[in-house]
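What follows is one structure encoded as C-alpha cells, with my remarks underneath.
Rule-based calculations on the coordinates, nothing more; no lab input. What you see is a predicted model, and the numbers here were worked out from it, not measured in a lab. With ideal geometry, Cβ positions are generated from the backbone for all residues, glycine too; neighbour counts draw on all protein chains shown.
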Amino acid sequence: MKVITIALGGNALGKTPAEQQENIAIAVPSLVDLITQGHKIILTHGNGPQVGMIYKSFEYGAANSDKIAAIDLQECTAMSQGYIGYHLQQGIMKELRHLGMPWNVSTLVSQVEVDPKDPSFKNPSKPIGDFYTQKEALTMMREKPEQIFKEDAGRGWRRVVASPKPIYIVEQKSILNLLDHKFIVITCGGGGIPVIKDENNNYHGVSAVIDKDFTAAMLADIVEAHYLFILTAVDHVYLHFGTKKQKELKEISAKQARKYIKAGHFAEGSMLPKVEAALRFVESAPGRRAVITSLEKAHLAMGDDVGTVIYS
C-alpha cells in the first residue's frame, strides 16, 4: 500500500459551483480507483478562482449595501474550504456507496501558520479570481490602487495577493487521527487559512492566500506519503509552454528541474510553485516521487507514462 497526497488545482475544478460539481463527478472515479488499487489517499485543493469569486462578491455587496459586510481573504479561504470540501465529499461518498466500500469522508477546516515577516506581503504574487484583459486590469488598478493585477502565464491578467510560505499546519494531529481511522481526509484547502501566532501563542488570521502546492508538499511529508500528485488543467509540465517550441516533460530529476527553473521555463504563480513544491517533497526523504498531471489522469498516475514524474 502506498500513501498518496493529492492536490487538486482550483482552476481544474471550475469557475462556478455547477461546473465544479460536474468536474468533480468526472474526476472522482479516478480518485477512488486509487483506493481500490490498495492505496491510502489524502486530498487537498486550490481555491484561486473560488476565493477570488467569494471576495469580489462580498466586496461588491458591501459597496452597495450597508447590510453586507466586507470579508477579508482569510475568511474567504475558510468559506472556500467549506463549499469545495462539501462538493468533494458528496462526489466521493456517492462513488464509495456505488462500489460498496466502507470508507468515510471528512473535510477538515484547517489553519496554516505563516511568518508575518514573509517577503510576499510586500511583493504579492498569488493569482486569484477571474481573468481580465490588460485594459480591464489597468482600469481596475486606477480605480483601486491597493489592488495589484499581473499577467498570468499568457492566459490574461489576474489580481495577485500576498502568498506567504506555510510553516506549520495547526490541525495536523487531527488530520493524522482521521487517517488512522480510515477516513478519506480533505484538508488544507486553498493552502489553508493563513494565520500568524502572537506573543501569547494565539493564532490570528492574516489577509493572504497560501499557495496550495507548498502546503500540499508539507502535508505529504507529515502523513509520510510515498507520492505527491499535483493535479491541474494540463497533462504534463512543458518547456516553452504556449509556444511553437512547446515540449512535454515525462520524467525529470530534481537537478534537471532546478536547471529549468533557473532558465525561466515555469511561470510564477502557475507552474513554478507546482514544480518547487514537488522538489520540496521528493528531496525531503528517499524514494519519494511527485507527479504533475491533469485531474482526469489521476488514476493512471501510478504508471510510468502519465504526467511529469519528478524524482530526487
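Distance between the C-alpha centers of the stretch 107-131 and the stretch 132-153? Whole Å please.
Their Cα centres are 19 Å away from one another.
Report, largest value first, the span of the C-alpha coordinates of the stretch 114-161 along each principal axis, in whole Å.
Principal extents (largest minus smallest coordinate, Cα): 34, 23, 13 Å.
For LEU219, LEU73, what's the fewest-to-most ordering of other Cβ within 10 Å of each Cβ?
Details: LEU219 28, LEU73 23.
Ascending number of Cβ neighbours within 10 Å: LEU73, LEU219.
Which residues in the stretch 134-178 place their backbone N less than 17 Å from a point set 7 Å from the Cα of LYS117 along the Cα-to-Cβ direction?
Residues 164-168 fall inside that zone.
Taking the alpha-carbon distance from LYS67 and a cut-off under 20 Å, which lysines remain once sequence neighbours fewer than 8 residues away in the same chain are dropped?
In chain and number order, the partners are LYS56.
Output the pairs from LYS15/LYS144; LYS212/LYS247; LYS94/LYS255; LYS245/LYS274; LYS173/LYS255; LYS2/LYS126 with a Cα-Cα distance over 30 Å in this structure; if there are none, say none. Don't skip to the end; give the middle numbers.
Values: LYS15/LYS144 24 Å; LYS212/LYS247 26 Å; LYS94/LYS255 42 Å; LYS245/LYS274 21 Å; LYS173/LYS255 33 Å; LYS2/LYS126 32 Å.
Table pairs above 30 Å Cα-Cα are LYS94/LYS255; LYS173/LYS255; LYS2/LYS126.
Provide the packing ranking of 64-70, 287-293, 150-156, 191-197, i.e. peptides ordered by the mean count of other C-beta atoms within 10 Å per residue, highest first.
191-197, 287-293, 150-156, 64-70
Of ILE71, ILE128, ILE175, how do they rank once you tally other Cβ atoms within 10 Å and put the fewest first?
Values: ILE71 17, ILE128 28, ILE175 21.
Least crowded to most crowded, the residues run ILE71, ILE175, ILE128.
Determine the calculated [θ] at 222 nm for the chain from helices alone, applying -39500 (n - 2.57) to every DSSP H run no shorter than 4 residues and normalising by the residue count; nearest 500 deg cm²/dmol.
Values: 9 runs with 119 residues, N = 312.
Rounded to the nearest 500, it is -12000 deg cm²/dmol.
Between LYS182 and SER284, what FRET efficiency follows from the Cβ-Cβ distance if R0 is 30 Å, with the result rounded to 0.05? Don't skip to the answer; put the middle values down first.
Numbers: r = 25 Å, r/R0 = 0.85.
E(calc), rounded to 0.05, equals 0.75.
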